[in-house]
Amino acid sequence: PEFDRVYMGNVMHYIFIEFGGWGWVEHVANMMESTGRMVIEAPTGMECSDMADCIPADLQSEFHEDKLALAMSPHFKRIQKVKSVAYTPDRYVMLYEKL
């Protein structure tokens, strides 16, 4: 099925690990309708204190906001990014619109 809305709360880094990088972005984009929106609540890089224990060492250099932006850019436009009120610092809520 296709989806017009996707919400990812505190899971982006786990999907990143499962896919071995940002390949999940294209996978999710292919499941979405052309007018879809995606909301992500997550860290965007290794500056989040939880990530050193979570992201495998060989993937840590890839878990970076610039590389996220590069992976998202063919599929999504970021509409807004704000600090999350999550319990851990350096997490954000981001709204993307499908291109």
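The values are calculated or read from the model by the stated rules, or taken from the named source; none is laboratory data. Keep in mind it's a predicted model, so treat the numbers as computed, not measured. We place every Cβ from the backbone using ideal geometry, glycine too, and count neighbours over all the protein chains shown. These area figures cover heavy atoms from the full protein model, side chains too; ligands, DNA and RNA do not enter into them. Shrake-Rupley method; radii C 1.70, N 1.55, O 1.52, S 1.80 Å.
Output yes when any residue across segment 39-60 is closer than 15 Å to LEU99 by Cα and free of Cβ contacts under 8 Å to residues at least 24 places away in the same chain, and no when none is. Even if it seems obvious, please write down each step before you answer.
Taking segment 39-60 first, the residues closer than 15 Å to LEU99 by Cα are 39.
Add one more test, that the residue is free of Cβ contacts under 8 Å to residues at least 24 places away in the same chain, and what stays is none.
The answer is no; no qualifying residue exists.
Matching residues to (1) among the aromatic types (Phe, Trp, Tyr); (2) over 22 Å from GLY20 (Cβ atoms); (3) under 10 Å from the mean Cα position of the chain (by Cα):
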position: MET38; (1), (2), (3): no, no, yes
position: ILE55; (1), (2), (3): no, no, no
position: SER61; (1), (2), (3): no, no, no
position: SER73; (1), (2), (3): no, no, no
position: TYR87; (1), (2), (3): yes, yes, no
position: LYS98; (1), (2), (3): no, yes, no
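Does VAL93 count as among the β-branched types (Val, Ile, Thr) and under 10 Å from the mean Cα position of the chain (by Cα)? Quick ask: steps written out before the conclusion?
Details: among the β-branched types (Val, Ile, Thr): yes; under 10 Å from the mean Cα position of the chain (by Cα): yes.
Yes, satisfied.
Please indicate, with yes or no, whether at least one residue in segment 31-44 is among the polar types (S, T, N, Q), closer than 13 Å to ALA71 by Cβ and surrounded by 14 or more Cβ atoms within 10 Å (Cβ to Cβ).
Scanning segment 31-44, I find at least one residue that is among the polar types (S, T, N, Q), closer than 13 Å to ALA71 by Cβ and surrounded by 14 or more Cβ atoms within 10 Å (Cβ to Cβ), so the answer is yes.
Consider MET32 carefully, then state whether it is touching a Phe, Trp or Tyr at 6+ places or on another chain (Cβ under 6 Å) and modelled with pLDDT under 95.
Here the answer is yes, as MET32 does meet what is asked.
Can you name the residue in segment 1-16 that is farther than 17 Å from TYR87 by Cβ and touching a helix residue (DSSP H, G or I) at 6+ places or on another chain (Cβ under 7 Å) and is also most open to solvent (accessible area, probe 1.4 Å) among such residues?
GLU2
Go through segment 48-94 residue by residue and tally those that are of a type in the set (A, V, I, L, M), open to solvent by 40 Å² or more (accessible area, probe 1.4 Å) and under 15 Å from TYR14 (Cα atoms).
Residues meeting the conditions: 2.
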